[in-house]
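The values are calculated or read from the model by the stated rules, or taken from the named source; none is laboratory data. From a predicted model like this one, the values you see are computed outputs, not experimental measurements. Positions of Cβ are backbone-derived with ideal geometry, glycine not excepted, and every protein chain shown enters the neighbour counts.
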Amino acid sequence: MEKRYLILLIKPFKLMLSMRKVVFVLLLFPSPYFGFSQNIKEASVEKSVFGIQLGILNLWVHHELKLSNQVVLRSEIGIGGPNTANIAPALALEPRWYYNLNGRANRGKRIDGNSGNYVSFRSSYHFYNVSEDDKNSLNNLLLAPTWGIRRNIGNHFNYEAGLGLGLGFGNDRERGINTIPYVSLKIGYRF
């Protein structure tokens with residue numbers, strides 16, 4: 001009988017030892033993951049990017065200011081329009097989210113100069129029409145969600161392409177509010 005009681009006392013102790021081993025192994029298993037994660041640096045946009053860009057019918061001076069690791073606020077001043085009859089000075093403000101910087105960095109691709117894919121909300125205002133025909137004026141205000149890419153060519157040159165669909169607000173009652181496609185193709189120089 002004493003053996004029986006002794007066995008009953010030893011079984012829970014053995015079970016407790018095996019459970020300790022299981023808990024110990026479970027605690028050690030993810031530790032390499034957490035240990036190496038300290039060395040991984042998240043890709044980030046640059047603190048400040050300043051440059052000029054030339055499009056088909058426009059010329060822009062731009063500045064991008066870092067708001068977070070993947071978000072910048074882009075401000076632009078320039079001259080442009082949808083056709084040669086509607087060239088006007090303009091200001092633009094555009095928050096951009098560069099969503100694929102980590103993937104590009106992990107694949108060894110360049111992210112300097114904020115080279116990557118982005119989603120943005122473009123707002124631009126054209127002050128007045130430089131042409132003599134005021135009746136053929138463009139929309140003064142454009143608000144458009146856009147998707148685009150920027151890639152580097154060498155150390156200072158880049159190209160950019162963007163697509164979007166937004167609302168254009170005219171400068172008179174006849175034009176009103178229109179749905180406007182936004183297409184952008186630019187080549188630029190980064191200082």
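When residues of the range 168-191 are filtered for being under 17 Å from SER124 (Cα atoms) and at pLDDT 95 or above, how many remain?
2
If we scan the range 124-138, do we find a residue that is of a type in the set (A, V, I, L, M), at pLDDT below 95 and touching a helix residue (DSSP H, G or I) at 6+ places or on another chain (Cβ under 8 Å)?
Taking the range 124-138 and keeping what is of a type in the set (A, V, I, L, M), we get 130, 138.
Narrowing the set further to residues that are at pLDDT below 95 leaves 130, 138.
From the residues that got through so far, the ones that are touching a helix residue (DSSP H, G or I) at 6+ places or on another chain (Cβ under 8 Å) too are 138.
Scanning the range 124-138, I find at least one residue that is of a type in the set (A, V, I, L, M), at pLDDT below 95 and touching a helix residue (DSSP H, G or I) at 6+ places or on another chain (Cβ under 8 Å), so the answer is yes.
Do you know which residues across the range 140-163 are small (Gly, Ala, Ser), within 20 Å of VAL45 (Cβ to Cβ) and at pLDDT 95 or above?
First pass over the range 140-163, keeping only residues small (Gly, Ala, Ser): 144, 148, 154, 161-162.
Okay, now just the ones that are also within 20 Å of VAL45 (Cβ to Cβ), so 148, 154, 161-162.
If the condition is that a residue be small (Gly, Ala, Ser), within 20 Å of VAL45 (Cβ to Cβ) and at pLDDT 95 or above, then GLY148, ALA161, GLY162 are the ones that fit.
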